[in-house]
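A short worksheet on the structure shown next.
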Amino acid sequence: MKTNAYQRLRQVTLAVLMAATSMQVVAEEEILPEYTFLDAIKTGKNMTSFRLRYEYVDQDGLQPGTFSNAANTPNPTAARELRDANALTLRSLIGWQTAPYHNWSFAAQLINVSQLTDDFNDGSNSYRINGASNNNGKIEYAKVVDPNHTDINQLYVDWTGIKNTRVRAGRQQVNLDNVRFIGDIAFRQVMQVFDGVSVFNKTIPDTELFVAHFNKVNQIFTTERSGNLEVVNARYRISPTEFLVGYGYFSNFENLGMGNAWFGAGGTNLLADQSNKTIGVRLDGTHIFTPNYRAHYTAEYAKQSDYKDGDSRIDAHYYKLGGGFGIDNFNLRLDQELLSSNNNTYAFQTPFGTNHLFQGWVDKFLVTPRAGIKDSFVTATYRYGDFMFFADYHVLDADEDFFTVNGGTSRTGNRYGTEWNAAVTWNVDKHWMTKFEYGKYSESDEFAATANTTSNAAGTRGRYHDTEKLWLTAMYTF
């Protein structure tokens, strides 16, 4: 009897305790506050940073306006050397993105670029069809493309109502792969951003799919261009550090502000339609053998041709091949990149890419010369604590021979020049970063923009003159 009574007492006690615990949990759940949109704002992501930069440019060559006689040759009485540029600018990005609220989040970011000194040609809208540039009037100085600018840098809404999918609509930054074809050109103070809709999906294992339709691009010259750009980029992860990528970029922008700089002889005097499609594949990665030893490799090929009503001369290809090794904190690699020429009438172009990162930092080849370009380069990096050291050296050749200054009608040149770059980055803490960068381009064969037999005016204007650039940067990110 006592044993049965004891068992009943235990059962009743356990039942009471379980009921009390359940009531406590229910009570705790009931008093939890509702997650509101205000909470989503408070727990969002800061998109604010401030970047102060000094840029110095020493470039050989004559100032515009010194070609004033009938033959369009340099006027000895008017010729003046281009003045060195000294640019001190501050970029302020102020923005916030909310945390998801019922599968929706919102982001807004303002940009202001202020010129603290103006001893430079800011190049705003310098790529034009006809007429004068609306730059800051300092055409006697070398160019630093950092115009005064205040605008909405990003403004978009994200929807994540489908698993492993993000739909983004509005003005947005886009960086794909190594940003050779699609990038935000974040090195410049005014960034490149796109208006439209993008979809990012990770449903397939180890695969990332990005598709987008953009109808506007806002360029670093502060110019807004209208057209249509379709983007398809599929990225398969072979290992955590190795990738196979297939991509297609379909641009129906008749004019991206480069005038006829893309095209050579054989067209009309009207502006050629720049619409083109680029389809390619990329194998890229780092194969890790041990924690201390690794191999780097890249193999990429792309074909570019006319699209919609694009000019029929748009027909060129691209490749990049290279590799190297890494030991502990040191990396070394050798690469070659080709942007081919279509018989000197057109060369492979990358108008939506972050071109500053390619063919040297001095930015002599942001628009590919019509003779094409073959860049063979070696790169070394070394990390020591919070410091990153970088150096590279480029040998820059043409894909096809080009006209040279005073070279007559025969193509006698094939080497644009050489360039080396060096940088030291110091990540002071999680907020502060400082950086020193230097680049020097040395001209080889004197490239001429067109064939000429009686003067060197076109060649002088088209030449890629010796240039040195230096950058000092300090950046604070919230």
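In nm², what is the average projected area of the convex hull enclosing the Cα atoms of region 181-327? Don't jump to the answer; show the numbers that get you there.
Details: hull surface 44.2 nm².
Computing the convex hull of the Cα atoms and averaging its projections yields 11.1 nm².
Would you mind checking which residues have amide H under 5 Å from Ile185's amide H? H placed 1.01 Å from N; only 5 or more apart, or other chain.
Counting only residues 5 or more places away or on other chains, the set is Gln192, Thr354.
Want the number for Leu38 to Asp206: 0.36 nm per residue separation, take away the alpha-carbon distance, what's left?
57.0 nm
Got a sec? What order do Thr434, Thr98 fall in by accessible area at 1.4 Å, biggest, i.e. largest, first?
The ranking, largest first, comes out as Thr434, Thr98.
Tell me, what ³J(HN,Hα) does each residue in region 339-347 have, in order and in whole Hz, if you take phi through Karplus 6.51 cos²θ - 1.76 cosθ + 1.60 with θ = phi - 60° and put x for Gly and Pro?
With the stated coefficients, region 339-347 comes to 10, 6, 10, 9, 6, 6, 9, 6, 10 Hz.
What nm distance separates the two modelled labels at Phe387 and Lys216, each placed 7 Å from Cα along Cα→Cβ?
Rounded to a tenth, the inter-label distance reads 4.6 nm.
If ligands, DNA and RNA are left out, what is the accessible area of Glu81 with a 1.4 Å probe, given in Å² to the nearest 10?
Around 110 Å² of this residue is reachable by solvent.
Starting from 0.36 nm per residue, how many nanometres of slack lie between Asp466 and Arg415 once their C-alpha separation is accounted for?
That works out to 17.0 nm of additional length.
Hey, which of these cross-link pairs are over 27 Å Cα-Cα: Lys374/Lys440; Lys202/Lys374; Lys216/Lys303; Lys45/Lys435; Lys320/Lys364?
Where the Cα-Cα span goes over 27 Å, the pairs concerned are Lys202/Lys374.
Within 10 Å, count the other beta carbons around each residue, average over each peptide in 213-221, 382-390, 304-312, and list them highest first.
So the order, starting with the most tightly packed, is 213-221, 304-312, 382-390.
What is the packing order of peptides 55-62, 163-170, 177-184, taking the mean over residues of other C-beta atoms within 10 Å and listing the highest first?
177-184, 55-62, 163-170
Any idea of the accessible area per residue across region 211-352, 1.4 Å probe, to the nearest Å²?
Details: 6170 Å² over 142 residues.
Value returned for region 211-352: 43 Å² of accessible area per residue.
Compute the relative contact order of region 246-340 as a whole-number percentage, counting only Cα pairs closer than 8 Å that sit 6 or more residues apart in sequence.
The normalised contact order for region 246-340 reaches 24 percent.
Count charges around Thr379 for me, please; just the other residues with Cβ under 13 Å from its Cβ, Lys/Arg as +1, Asp/Glu as -1. Provide the component values of the computation, followed by the final result.
Values: positive: Lys320, Arg333; negative: Asp335, Glu337, Asp375, Asp392, Glu419.
Net charge in that neighbourhood comes out at -3.
With the crude spin-label approximation of a point 7 Å out along Cα→Cβ, what separation in nm comes out for Asn406 versus Val167?
Taking the simple label geometry, Asn406 and Val167 are separated by 6.5 nm.
Within the accessible area of region 165-293, what % is carbon and sulfur when the probe is 1.4 Å and the other protein chains stay in place?
Using a 1.4 Å probe with all protein chains present, region 165-293 comes out at 60 percent carbon and sulfur.
Roughly speaking, what is the stretch gain from Ala99 to Trp432, that is 0.36 nm per residue apart minus the C-alpha to C-alpha distance, in nm to one decimal?
117.4 nm
The values are calculated or read from the model by the stated rules, or taken from the named source; none is laboratory data. Since we're looking at a predicted model, the values are computed, not measured. Virtual Cβ from ideal backbone geometry, glycine too; neighbours counted across all protein chains shown. For the accessible areas, the whole protein counts, side chains as well, though only heavy atoms, and no ligand, DNA or RNA atoms are used. Shrake-Rupley method; radii C 1.70, N 1.55, O 1.52, S 1.80 Å.
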